[in-house]
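A quick write-up on the structure given underneath.
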Amino acid sequence: MDKQMDPRVLRTRKLIMDALIGLSMKKEFKDITIKDITTAATVNRATFYYHFIDKYDLLEKALSENVMREVIQEVSTHEVINEDTIEAIFLSIIKFQTSLRNQCQRSYEAFTPQIERIFKKELQAFFLKWAQDKCSNHEKIEVEATAVMLSWTLYGAAMDCMQNQTTKPEGYVKQLMKFLKNGINMDKENVTLL
């Protein structure tokens with residue numbers, strides 16, 4: 001049986017990830033030790049190192065496996081990238097970030113760079129797969145650039161919305177969609193909105 005599919009391995013891995021999340025609610029990430037994690041997860045150090053290189057590897061895997069799964073599952077039901085899909089992704093980012101900030105206030109700022117990198121990477125992969133399936137007649141560089149632009153734009157806009165909080169997320173994303181639909185006209189002399 002493949003070790004990744006073995007229910008005992010998956011259960012142990014989840015115990016370790018849950019231990020990190022629980023500890024991060026009580027203490028700063030920088031102060032969490034491997035001993036803290038193994039004690040909370042009721043596993044030994046060898047078991048921890050069987051699954052993860054160190055606590056930073058654990059953090060990255062916990063975020064990408066648990067966090068992005070929720071967001072990607074929510075948007076993967078969309079067969080096309082349209083206004084509904086973009087809005088769903090935007091609101092999922094905000095929902096996740098707000099939940100994480102409320103649950104793990106102590107470590108939220110410490111996790112922010114990793115969360116940003118993981119979100120952008122996973123969203124880019126999602127958009128790239130979609131674009132490769134739907135836009136096979138376009139050059140590879142156009143498809144990749146579109147995936148990068150969509151992922152970075154949505155993540156950046158969601159973070160701006162959260163930090164400024166002058167507009168509700170639903171209103172913010174409507175304004176964003178209006179801007180994206182109207183587009184931008186760029187020529188050599190200036191940039192104008194269409």
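Brief remarks follow.
- Condition check for L176: modelled with pLDDT of 80 or more, surrounded by 19 or more Cβ atoms within 10 Å (Cβ to Cβ) and assigned to a helix (DSSP H, G or I): yes
- Per-region count, the stretch 77-99, residues acidic (D, E), in a helix (DSSP H, G or I) and open to solvent by 50 Å² or more (accessible area, probe 1.4 Å): 2
- Count of residues meeting criterion [part of a loop (DSSP other than H, G, I, E, B) and either open to solvent by 100 Å² or more (accessible area, probe 1.4 Å) or closer than 19 Å to I118 by Cα (or both)] in the stretch 42-59: 4
The values are calculated or read from the model by the stated rules, or taken from the named source; none is laboratory data. Because the structure is predicted, anything quoted here is derived from the model rather than measured. As a convention, Cβ positions derive from the backbone with ideal geometry for all residues, glycine included, and neighbour counts pool all protein chains shown. Surface accessibility is based on the protein's heavy atoms, side chains included, excluding ligands, DNA and RNA. Shrake-Rupley method; radii C 1.70, N 1.55, O 1.52, S 1.80 Å.
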